[in-house]
1. For the range 146-160, indicate whether the set of residues that are at pLDDT below 95, in a loop (DSSP other than H, G, I, E, B) and either of a type in the set (Lys, Arg) or in contact with a strand residue (DSSP E or B) (Cβ under 7 Å, 6 or more places away or on another chain) (or both) is non-empty.
2. Of all residues in the range 10-37, count the ones that are in contact (Cβ under 8 Å) with a residue 40 or more places away in the chain, open to solvent by 20 Å² or more (accessible area, probe 1.4 Å) and closer than 20 Å to residue 97 by Cα.
3. Which of the following residues is under 17 Å from residue 140 (Cβ atoms) and among the hydroxyl-bearing types (Ser, Thr, Tyr): 2, 9?
4. Regarding residue 131, is this residue closer than 19 Å to residue 26 by Cα, at pLDDT below 95 and open to solvent by less than 50 Å² (accessible area, probe 1.4 Å)?
5. Need the failing condition index for residue 76 against (1) at pLDDT 95 or above; (2) closer than 14 Å to residue 152 by Cβ, just the number.
6. Among 58, 45, which is open to solvent by less than 40 Å² (accessible area, probe 1.4 Å), over 23 Å from residue 162 (Cβ atoms), modelled with pLDDT of 95 or more and not aromatic (Phe, Trp, Tyr)?
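The values are calculated or read from the model by the stated rules, or taken from the named source; none is laboratory data. Because the structure is predicted, anything quoted here is derived from the model rather than measured. Here the Cβ is made from the backbone with ideal geometry for all residues, glycine too, and neighbour counts use every protein chain on show. For accessibility, only protein heavy atoms count, side chains too; no ligands or nucleic acids. Shrake-Rupley method; radii C 1.70, N 1.55, O 1.52, S 1.80 Å.
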Amino acid sequence: MTQRVELATVMDRLAIEELITDYAVSVDDGDWTAYRGLFSPDGRADYRLAGGIEGSAAEITEWLTRTMELFPMRQHLIVNRRLRFGRLDNDTGDTAEVQADYINPMRFAGDGVGTAADAPSNAPSGAPDFVCGGRYAFALVRTRSGWRLGGVTVHEKWRRTEGAAAATTR
């Protein structure tokens, strides 16, 4: 690889890292306009293995808007990211895949928590009462606006609720 290609690859990696972080932050903050903006025009997401739905980014945004009202406090972390670029004749392509693990602590509404912003001061223990973990599969595509999500698939592996004797494995 030439230095120019290596630099472009580093810049792409940084842009993709930022996109994945923006995904987590938009969900945790309930910024559904920002969430929808992370997807390519034909982007889709599949949350069925986490108890949700599959659909276009617009359909998923609508579903998340309603569903996340149940959890005014959420803070999921996306870690162990494995990035693979698509290849065209040994050059970096315009597609990429990211596989990443997540852990997602949340607090149910009605537990003394009004909104995500005031959760720390209102939550007696501050501890989540619902935690789940699993793996994301992100399909990314380079667009004129930069890297965007072409697809997101959530593979929930486990979940635990407060007071549960053991975690549920999927």
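1. no
2. 4
3. Result: 9 is the single residue among 2, 9 that is under 17 Å from residue 140 (Cβ atoms) and among the hydroxyl-bearing types (Ser, Thr, Tyr).
4. Answer is yes for this residue.
5. (1)
6. The conditions single out 45.
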